[in-house]
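Read through the structure below, which is laid out as structure tokens, and then see the notes.
The values are calculated or read from the model by the stated rules, or taken from the named source; none is laboratory data. Values in this document were obtained by computation on a predicted structure and should not be read as measured data. Positions of Cβ are backbone-derived with ideal geometry, glycine not excepted, and every protein chain shown enters the neighbour counts. To get the accessible areas, we keep the full protein, side chains included, count just its heavy atoms, and leave off ligands, DNA and RNA. Shrake-Rupley method; radii C 1.70, N 1.55, O 1.52, S 1.80 Å.
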Amino acid sequence: MNGLLFFPGLHPGLAGDLPAGVRLLDPGLGEADEARLRPDALPLRAEELHGCLRECDRLRRETKDPKDLALLAGYGAGHFFADTSFAAREEIEDHLHPERVAARRLRAAQLSLCLAYRIEESLLELVDAGECDARFAVAMAESLGLTEDDADEELIAALAATHVPAQAALAEEFRPPWRQLLPPFWAIAPEGAGLFIADPEIADSLLDAGLPFAPLGADALATLFPEGAPETPLLAATLPGWRLRGNTRPDPEAPWLDAPRTIVIPKP
């Protein structure tokens, strides 16, 4: 067991206060520290990775609307080079050399996570700079069912009633969906590492799906949280990634999702 990794967030600015021992997965972009786990076998090292992400970085620097960042995060359904000449050349090479497929998928997974990290970074920058307040308010109003004709006071009251910090609310609304992030996260996370999911909405969706979560016993808590378990009651299950994602059968395009991992969620 390689401990627990926070999911779905990647950037520490959006993770909040994590239980002792729960770390963030670093796909190759974060600063090295004890709070982040960077896998040893990442296929793309710093120079090559930054070269791949150069165009993405240019686009995100020019983007000031969180809705546009969300679209950028979903580009190619999580595959940065999808529908490009690069992807076509890669596909031809894959047919000629099947052993390349696993390596190509791993590179694509790392790029997807790095892109998601960049999007989270940009969302935080927009909040800090105060550049997206109006756009964010409009987008959140749409999510709450309010229209342009509603009074400003009603919008302000509705937003205040959510009791959600700006950073967390922005991430919830505009970062890549967790089901989109799960396959690359599963591919990059070290073997045996579990997932700690603090988001109650994700937890509710997993329980509603009938997944076999059960309370953690004292021995399991001590193993998962050697520095002391959180006060919040927790549930856990050991599942393959395709089941966690809501699929009814293994995905032949993502065979790494067959590996089981321990998933820990808050008890409702």
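Structure notes:
- Cβ-Cβ distances below 6 Å connect the following pairs, each with a first residue in the stretch 246-268 that is closer than 15 Å to Trp178 by Cβ and open to solvent by less than 50 Å² (accessible area, probe 1.4 Å), a second residue that is assigned to a loop (DSSP other than H, G, I, E, B) and among the aliphatic types (A, V, I, L, M), and a separation of six or more residues or different chains: Ile265/Ile197.
- Condition met for Ala35 (open to solvent by 40 Å² or more (accessible area, probe 1.4 Å), touching a strand residue (DSSP E or B) at 6+ places or on another chain (Cβ under 8 Å) and modelled with pLDDT of 65 or more): yes
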